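Only one structure is covered here, and it is reproduced in the block below.
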Amino acid sequence: MGSKRAMLGNGLGEALGRSLFSANRVLDLFTGSAAVAWHVAEKHGKEVIACDLQQYSTVLAASVIERTEAITDFAWVDTWFRSARARIAGHRDWHALKNHQIRLGDADPAYVAEEARTFDLGDRYPISRAYGAHYFSPWQSAWIDALRTSLPMDPAYYYVGLAALIQAASRCAASPGHTAQPFKANNTAGPFLIEAWQRDLPSIVVSRLRDIAPRFAKIRGQAHCADALAIADQAKPGDLAFLDPPYSGVHYSRFYHVLETIARGRVGEVAGIGRYPPIEERPSSSFSMKTTAQKAFDELLALLALRGASVIITFPANKASNGISGDDVKELAAEHFRIEEEKVSSRFSTLGGDTKHRAARQDAHELILTLSVSH
């Protein structure tokens, strides 16, 4: 996550600015971290319609694009945290969880990890049940559950609070840049596990709140948990569609399932080294399967062209693991649009990199294709 934030200052922002001059609305059809949706809503005063198959992405988008005023009164945050604190303070193991958290830096990682797995917070703490003592320390996961359950009912505060919680959990997760699997408590990864478990999650939530709350859209937009084709079908002349489609051959729900669980507030029985939810709880995308990715991309571009929308696409220049290359994207786009092409240097997660075979972060060339409807 985060590559589009970097690209906004390295070519993508300029490309958007040029296209937005004559655009009425922006359709951010794979909103992801919502960086582009926020940027357009805040800086360019355009109505943004954001969508993603994953609910956590739409929560991040909604926290800014569905508000037209800054939040400056933080009294609700104190109320929220008091409610969460009261919830966890009443748990029979709360003192033990706090003591375990304090001792994290003074013991062998394998020992504290084994001890962490002796805590059972019960079904009332679904995030702790699924991910505590793995992606998060028991103390961190208890706070996540308590804050998630105690969210304010006011929609404006609800989405800002939940977005801050999702971002804080992402920053605290004991995993290598995503949540495909947690660090192991061994000699190699154990120090990274402990360092992540020691992060002060409640303080990070407050820090993220302070960043999100002042942001707002100049024109109120909408965020939808939906398939890109469903929203693209609502496009009309004058719309600009921004496409940052999946480039991984593995569904993104495998990498961000922890954040998705926090967004939903519930999860079924988890399994495997990554603590994965049941397959029916993990959204799948035809854009991530080699057998369907090219066809899905072609259908989406054809629909947007039919609706008269202009398009900006970002995609790795080299061949991605879903079987599509930058050249493939250009060839598909040329069947439906006139193309203006730019290339920008970026850094993005390989979603599963390791130090033996490839780095988790790599320098890469990423295409920015600006498309206009052919006449």
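Surface analysis of the range 153-227 yields an accessible area of 46 Å² per residue, using protein heavy atoms and a 1.4 Å probe. Surface composition of the range 123-239: carbon plus sulfur atoms hold 53% of the accessible area, using a 1.4 angstrom probe and ignoring ligands, DNA and RNA. Per-residue Karplus couplings for the range 126-131, computed as 6.51 cos²θ - 1.76 cosθ + 1.60 with θ equal to phi - 60°, are listed in order as x, 5, 5, 4, 7, 10 Hz, Gly and Pro entered as x. The HN-Hα couplings worked out from phi for the range 11-17 by the Karplus form 6.51 cos²θ - 1.76 cosθ + 1.60 (θ = phi - 60°) are x, 5, x, 5, 4, 4, x Hz, whole numbers, x standing for Gly and Pro. Considering only protein heavy atoms and a 1.4 Å probe, what is the carbon-and-sulfur percentage of the accessible area of the range 12-54? Summing carbon and sulfur atoms, their accessible area is 49 percent of the total for the range 12-54.
With the simple spin-label model, which puts each label point 7 Å out from Cα in the Cβ direction, the SER83 to ALA226 separation comes to 2.9 nm. In the range 140-256, the alpha-carbon atoms span a convex hull of 148 Å³ per residue.
Projected label points at LYS319 and ALA107, each 7 Å from Cα along the beta carbon direction, are separated by 5.0 nanometres. Sorting MET7, MET153 by solvent-accessible area of protein heavy atoms yields MET153, MET7, largest first, with a 1.4 Å probe. Only protein heavy atoms count here; on that basis, with a 1.4 Å probe, SER207 has an accessible area of about 60 Å².
In this structure, the amide hydrogen of ILE49, modeled 1.01 Å from its nitrogen in the peptide plane, lies closer than 5 angstrom to those of VAL26, LEU27, ASP28, GLN222, counting only residues at least 5 positions away or on a different chain.
Considering only Cα-Cα distances, which of the following residue pairs are longer than 28 Å: LYS218/LYS290; LYS4/LYS46; LYS236/LYS319; LYS236/LYS330? Beyond 28 Å between Cα atoms: LYS218/LYS290; LYS236/LYS319. Percent antiparallel among DSSP beta bridges with both residues in the chain, to the nearest 5? DSSP beta bridges in the chain are roughly 55 percent antiparallel. Exposure here means at most 15 other Cβ atoms within 10 Å; with chymotrypsin sites (Phe, Trp or Tyr not before Pro) in a DSSP loop as sites, the longest stretch of the chain lacking them is 75-375. For the range 10-106, a/c is not less than 1.5, where a ≥ b ≥ c are the root eigenvalues of the C-alpha gyration tensor, and a/b tops b/c. That puts it in the prolate class.
The values are calculated or read from the model by the stated rules, or taken from the named source; none is laboratory data. Computed from a prediction, not measured in an experiment: that's the story for all the values here. So basically every Cβ, Gly included, is an ideal-geometry build from the backbone, and we count neighbours across all protein chains shown. Just so you know, the surface numbers come from the protein's heavy atoms only, side chains and all, with ligands and any DNA or RNA stripped out. Shrake-Rupley method; radii C 1.70, N 1.55, O 1.52, S 1.80 Å.
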